[in-house]
Amino acid sequence: MAARTLKTAGITGVGMSFPEKRLTNADLEKMVETNDAWIVERTGIRERRICEKGVPASHHGIQAARQALEHAGKTPDDVDLIIVPTVTPDMLFPPTACVIQDQLGCSNAWAFDMEAACSGFVFAMQNARAQIESGFAKCVLVIGTEVMSSIVDWTDRNTCILFGDGAGAVVLESIEEERGGIIDSRLHVDGVGVKHLHMLAGGSLNPPSHETVDKGMHSIYQEGMEVYKYAVRGMANITAEIVEQNGFSGQDVDLFVPHQANIRIIDAAQRRVGLQDSQVVKTIDRFGNTTAASIPTALRVAYEEGRLKEGSLVVLCAFGAGFTWGSVLLRWTAS
Ligand code: UT7
């Protein structure tokens, strides 16, 4: 566990924003060789939200951030740092965080994007915590926002059924340690995963060309089963580790908010820590895998359903490309 100070980082606001348009499994049946029964049984997904063409990641990121700020009782001027985890930035550069900083009117904030794929939100939470505990920031917006539909190959049934668009945001503030906030956070990487899940073109390795477009290299490539094996192990282990090594057991956990990639991965982590359904947030049926947005949006859903109370013990956990994985243990401070 990292060294503690008297001040820590606590969530004081949470927000989300999704496009209106729903893409159901029945819709996908008309696009690729698939069926509702297979998708529901293998993934737990029934529908996902999809942006209209041309809507950038910043759009829903800004809406989610506005709701989080309102919940926290903060104005854009109060924010001194914006971190945007995303794999679908508006542009490769400048950071989408700068677009959001400008359009939200956070004139006192510095801002950057960070990319840790589906683990982006927990990686950003640890970064925000470090900035707050070191005294460099007092009020941080972490905004996970994705337009996954812009990098999906809509002819590949292995991947096009999985992903959705949307954004979730939290406000993290410097709070007295006794009040709650982040107790612990742990991050891991194993670069063995690079070959199993990636988007090959668009960066410096394969700059855009007619050839990269013709070969479909600007879309998600995933070896599903291989990723699945690592994900089950990574999510279950990291959840058990952060709970047990902080002196808690499954019974102490009020809410487990995992990354929503596959209902079977979530169920495996849930079983490993011995959690009941009432302790776990599952939104994958409605939204699919929204990558860096899945945890903050699940948090907002849980908040709206009245499942988060002041002091609730919450575990966040994610696994994604890289491989990257991590968890955050916190006491809820945004009632
Ligand atoms: O969020 C970031 C990290 N990513 C993940 O955590 C994803 C991890 N992986 C998974 O969730 C699962 O591996 C998938 C949901 C992607 C796939 O499920 P699976 O049970 O591993 O299926 P599979 O890839 O082993 O495919 C089983 C069969 C294959 O047919 P054959 O070769 O056995 O005849 C596939 O071609 O299912 C077939 N299949 C489909 N059938 C109907 C694959 N996609 C589909 C589909 N509809 N959409």
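The values are calculated or read from the model by the stated rules, or taken from the named source; none is laboratory data. The structure presented is a predicted model; accordingly, all values stated were derived computationally and were not measured. Note that each Cβ is placed from the backbone with ideal geometry, even for glycine, and that neighbours are counted across all protein chains shown. Side chains included, ligands, DNA and RNA excluded: accessible areas come from the protein's heavy atoms. Shrake-Rupley method; radii C 1.70, N 1.55, O 1.52, S 1.80 Å.
Among the residues of region 9-22, is there at least one that is within 16 Å of the ligand (Cβ to nearest atom), buried (at least 20 other Cβ atoms within 10 Å of the Cβ) and at negative phi?
First, the residues of region 9-22 that are within 16 Å of the ligand (Cβ to nearest atom): none.
Checked region 9-22: no residue is within 16 Å of the ligand (Cβ to nearest atom), buried (at least 20 other Cβ atoms within 10 Å of the Cβ) and at negative phi.
So, of the residues in region 197-209 that are open to solvent by less than 40 Å² (accessible area, probe 1.4 Å) and touching a residue at least 60 places away in the same chain (Cβ under 8 Å), which turns out to be nearest to Ile266 (Cα to Cα)?
Leu197
For region 129-174, give me the residue count where each residue is more than 30 Å from Gly216 (Cα to Cα), open to solvent by 10 Å² or more (accessible area, probe 1.4 Å) and aliphatic (A, V, I, L, M).
1
Do we have any residue at all in region 185-195 that's outside the structural domain of Glu146 (by TED's automatic domain parsing) and without any contact (Cβ under 8 Å) to a residue 60 or more places away in the chain?
Within region 185-195, one or more residues are outside the structural domain of Glu146 (by TED's automatic domain parsing) and without any contact (Cβ under 8 Å) to a residue 60 or more places away in the chain.
Scan region 210-229 residue by residue and report those that are away from the ligand (no atom under 16 Å from the Cβ) and either open to solvent by 50 Å² or more (accessible area, probe 1.4 Å) or in the same structural domain as Ala124 (by TED's automatic domain parsing) (or both).
Within region 210-229, His210, Glu211, Val213, Asp214, Lys215, His218 meet the criteria.
Given the criteria out of contact with any strand residue (DSSP E or B) (no Cβ under 6 Å at 6 or more places or on another chain), near the ligand (Cβ under 10 Å from one of its atoms) and over 19 Å from Glu47 (Cβ atoms), does Lys309 qualify?
no
On the basis of being aliphatic (A, V, I, L, M) and within 16 Å of the ligand (Cβ to nearest atom), does Val55 make the cut?
For Val55, the condition - aliphatic (A, V, I, L, M) and within 16 Å of the ligand (Cβ to nearest atom) - is not met.
Would you mind stating whether Cys98 is touching a His at 6+ places or on another chain (Cβ under 7 Å), open to solvent by 10 Å² or more (accessible area, probe 1.4 Å) and assigned by TED's automatic domain parsing to the domain that holds Ala169?
So Cys98 does not fit the description; no.
Here are Ile242, Ile266, Ile295: which of them is within 11 Å of the ligand (Cβ to nearest atom), crowded, with 18+ Cβ neighbours inside 10 Å, in a helix (DSSP H, G or I) and modelled with pLDDT of 95 or more?
Ile266
Could you check how many residues of region 83-108 are within 16 Å of the ligand (Cβ to nearest atom) and of a type in the set (S, T, N, Q)?
Within region 83-108, the first condition is being within 16 Å of the ligand (Cβ to nearest atom), and the residues that meet it are 85-88.
Next, only the ones that are of a type in the set (S, T, N, Q) stay: 86, 88.
Counting residues in region 83-108 that are within 16 Å of the ligand (Cβ to nearest atom) and of a type in the set (S, T, N, Q) gives 2.
Yes or no: region 115-125 includes at least one residue that is within 25 Å of Arg233 (Cβ to Cβ), surrounded by 20 or more Cβ atoms within 10 Å (Cβ to Cβ) and in contact with an Asp or Glu (Cβ under 7 Å, 6 or more places away or on another chain).
no
If I filter region 314-330 for residues that are surrounded by fewer than 18 Cβ atoms within 10 Å (Cβ to Cβ), in contact (Cβ under 8 Å) with a residue 12 or more places away in the chain and either among the basic types (Lys, Arg) or closer than 21 Å to Ser150 by Cα (or both), do I get at least one hit? Please lay out each step first, then the result.
Filtering region 314-330 down to residues surrounded by fewer than 18 Cβ atoms within 10 Å (Cβ to Cβ) leaves none.
Scanning region 314-330 turns up no residue that is surrounded by fewer than 18 Cβ atoms within 10 Å (Cβ to Cβ), in contact (Cβ under 8 Å) with a residue 12 or more places away in the chain and either among the basic types (Lys, Arg) or closer than 21 Å to Ser150 by Cα (or both).
Just give me the residues in region 78-101 being under 19 Å from the mean Cα position of the chain (by Cα) and part of a helix (DSSP H, G or I), in sequence order.
Answer for region 78-101, where residues must be under 19 Å from the mean Cα position of the chain (by Cα) and part of a helix (DSSP H, G or I): Thr96, Ala97, Ile100.
Within 16 Å of the ligand (Cβ to nearest atom), hydroxyl-bearing (Ser, Thr, Tyr) and either free of Cβ contacts under 8 Å to residues at least 60 places away in the same chain or crowded, with 21+ Cβ neighbours inside 10 Å (or both) - does that describe any residue in region 29-42?
no
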